[in-house]
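Down below is the structure, laid out as structure tokens.
Read the figures in this text as sums done on the coordinates, not as results from a lab. Computed from a predicted model, the values in this text were never measured in an experiment. Positions of Cβ are generated from backbone atoms using ideal geometry, with glycine treated the same way; all protein chains shown enter the neighbour counts.
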Amino acid sequence: MRRILTLTLILCVAAACSPAGRNADTDFPPGDAARGAVWFTESLGGAPACSTCHTLDGTKLTGPSFQGFSAAASTRIEGLCAEDYVHTSIMRPADYLVNGFGNSMYNQYGQRLSPQQIADLTAYLLTL
């Protein structure tokens, strides 16, 4: 049963992020989740590592935990697929604030990270 639910969620996310469901302003290369896992814990281009403010285990730091993030990202903003939500949250962190957290996320990732690094981080976060 769990596999069926997981497969259903994956298919829904894939359908929502199909070219017809994508936002035109978030055109980015395919990401590599394995590289994204590395980028999550490393400072890149002078930008702080994501793990500086976000955990994977449910613990809250400056930012919300990413435990169960993929499922949450696909439902946070109606009509926006998980991939676009993550990408926008990295590029323009003030656009979608999580309840209980202020606008304290570093806002220069778009200038400090390459499009590929952002795509890799996005791919990794969607595995959580």
Inset, instruction - Report yes if some residue within segment 84-93 is more than 20 Å from ASP120 (Cβ to Cβ) and among the charged types (D, E, K, R); otherwise report no. - result: no
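To keep it simple, each residue is scored yes or no on (1) surrounded by 15 or more Cβ atoms within 10 Å (Cβ to Cβ); (2) in a helix (DSSP H, G or I); (3) touching a residue at least 24 places away in the same chain (Cβ under 8 Å).
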site	(1), (2), (3)
HIS54	yes, no, no
GLY58	no, no, no
PHE66	yes, no, yes
THR75	no, no, no
GLU78	no, no, no
TYR85	yes, yes, no
THR88	yes, yes, yes
TYR96	no, no, no
Inset, instruction - Can you work out which of the residues in segment 36-94 that are basic (Lys, Arg) and more than 16 Å from GLN111 (Cα to Cα) is nearest to the chain's Cα centre (by Cα)? - result: ARG76
